1. Which value results when the Cα radius of gyration for the chain is divided by 2.2 N^0.38 Å?
2. Going by how many other Cβ atoms sit within 10 Å of their own, how do THR90, THR83 line up, fewest first?
3. How much length would be gained if the chain were fully extended between SER56 and ILE39, taking 0.36 nm per residue of separation minus their Cα-Cα distance, in nm to one decimal?
4. Using a 10 Å cut-off around each Cβ, can you sort GLU92, GLU25 from fewest to most neighbouring Cβ atoms?
5. Which of ASN34, ASN84, ASN62 ends up with the largest GNM mean-square fluctuation for the chain, with Cα atoms connected below 10 Å?
6. Would you mind getting me the FRET efficiency between ILE64 and PHE19? Use the beta-carbon distance for r and R0 = 22 Å, nearest 0.05.
7. Using only Cα atoms, tell me the angle between helix 45-55 and the longest principal axis of the chain; keep it within 0 to 90° and round to the nearest 10.
8. Return the loop-located chymotrypsin sites (Phe, Trp or Tyr not before Pro) in the stretch 33-115 (DSSP other than H, G, I, E, B) with at most 16 other Cβ atoms within 10 Å of their own Cβ; answer none if there are none.
Amino acid sequence: MQKNNPNFIWLLFIFYPFFSALPQEFIFCTFFFNRYKNIITPAYTPIMSALFFTFSHFFFINLIAPTLSIFAGLIFAHTYRKTNSLALVTLEHSLYGNTLFYIGLGYYFWGGSIN
């Protein structure tokens, strides 16, 4: 992406937090933790949240995206459980996500990588 359109990375830095990180964290943290708080024990909620977060990254049809997503999902779920803050976990997701795109691993998380 950076080679083909170097200015795109700046647009990604601006829009990724609002149109990717925020909706994902709303679904996999805020909604998931609140919806399943009476069904899943608190010790397992972050693990289940991370697994669902990982499953959502399988559609990129590569092993890198889900592998990195399981670790990221555990980190995000732990942060949300500890702080109960959608804003903080979205900021964290945005920083990690933008970093992946900046160093070149964003290819594995981009819909354009599916041929």
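None of the figures in this text is laboratory data; all of them are computed from the coordinates on show. Owing to the predicted nature of the structure, the values given are computational and were not obtained by experimental measurement. Here the Cβ is made from the backbone with ideal geometry for all residues, glycine too, and neighbour counts use every protein chain on show.
1. Rg over 2.2 N^0.38 Å, computed on Cα atoms: 1.08.
2. The most exposed by this proxy come first: THR83, THR90.
3. 4.0 nm
4. GLU92, GLU25
5. Taking springs between Cα atoms under 10 Å, the residue moving most is ASN34.
6. About 0.50, to the nearest 0.05.
7. 30
8. TYR36, TYR44, TRP110
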